[in-house]
1. What is the spread of the Cα atoms of segment 373-418 along each of their three principal axes, largest first, in whole Å?
2. Find the eigenvalues of the gyration tensor of the Cα atoms of segment 321-412, then list the square roots of 5 times those eigenvalues as equivalent ellipsoid semi-axes, largest first, in whole angstrom.
3. Given N residues in the chain, what is its alpha carbon radius of gyration divided by 2.2 N^0.38 Å?
4. If you stretched the chain out fully between residue 214 and residue 155, how much longer would it get, using 0.36 nm times the residue separation minus the C-alpha to C-alpha distance?
5. If you average the C-alpha positions of segment 351-418 and of segment 24-50 separately, how far apart do those two centres end up, in angstrom?
6. With all pairs of different alpha carbon atoms counted, what Kirkwood hydrodynamic radius in Å does segment 130-180 show?
7. Kirkwood hydrodynamic radius (Cα pairs, Å) of segment 78-144?
8. Within segment 385-414, what residues put their amide N at less than 19 Å from the label point 7 Å along the Cα-to-Cβ vector of residue 430?
């Protein structure tokens, strides 16, 4: 109820930047959603429509002392999965590897323990069976060692045979996909990102592993004592800890143990047939309380499924290229046959980890809205960041922030901003906004 009151009485112009007149209602909604909490952090929203940037706005604080800027980068959790997947599609389009060749051809050590037939397609569509993180490492801090985690994946045993089921891979996705890209090309993931994505699209901030000299530019969680609904958060000085980050099912970033008294959400998951053990094994590494994605160590670690750091500008431009079916300013980054593959739904049922059907494409899921229909795709992060494209509307969207919030299905603000973005585009395309 408090959130509704804050929204209704919020300022409509509490933002900086530029907005096309056709998307003014979206900018006002962005302001309303951030207005009451600008002392707790900042946010940015960028939208491309018909090849042009029509929204580029931001508000709030990057840190306790600094204001958010137009290109401030922030941790985006699983939103980075879509960026990594896009890089994979570019490399497939260029012939470095393909979707259906066993990964073991490029990465022989990966074939151990029943993995000889797993393909890039299985990895990208969450059908490899390699979603378990909890039982494959002893402590979360191991995730900061890229080479070590590739070795862990080589030794891992799938929980089911490839393509017989699906299970969202909250953390292991990055080492699977990133590992095979490195093995197939003989180049590091950082080099591949720079050459095939950052330079062609002239992106400003795109990091899997933030360089030492860029750490000062990254938005951090702002320490703020609240009532019981918010737990301690991590500061740049590493004085506080965020509990579980993307590895929690609560909306206030609290760690959920299977031994605790079941919450209403737990009960609903059980009633729906969701296996809480699958959820925990995929989402919560042991020792997560001793490792923070927001610490310098976490930011510098290459954990593509969770610690990708991006500006909203860069995310929106990546998806603008996808909205234009792989073409951007005279360049072909992704060929048409590859684009048709990546955008085709691979799995429609609810998987073993997510509480609702995600309609997995190759590295992306369906667009989640408040009712508006879209055949587009993208990826959201646990903190409610998100980026997506809608090729039918030639539309792309990116929303980033640094507020201490989290939910496995994204923050309600992401759903609301997505809904209004589609409505504004439809007013131009169809003459009416509509709700559905």
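None of the figures in this text is laboratory data; all of them are computed from the coordinates on show. For clarity, every value in this text was computed on a predicted model and none was experimentally measured. Positions of Cβ are generated from backbone atoms using ideal geometry, with glycine treated the same way; all protein chains shown enter the neighbour counts.
1. Cα spread of segment 373-418 along its principal axes, largest to smallest: 34, 16, 15 Å.
2. The answer is 24, 17, 11 Å, longest axis first.
3. Working it through for the chain, the quotient is 0.91.
4. 17.8 nm
5. Cα centres, segment 351-418 to segment 24-50: 16 Å.
6. Radius from the Kirkwood sum: 11.4 Å.
7. 13.4
8. Once the point is set 7 Å along Cα→Cβ of residue 430, 389-397 turn out to lie under 19 Å by backbone N, inside segment 385-414.
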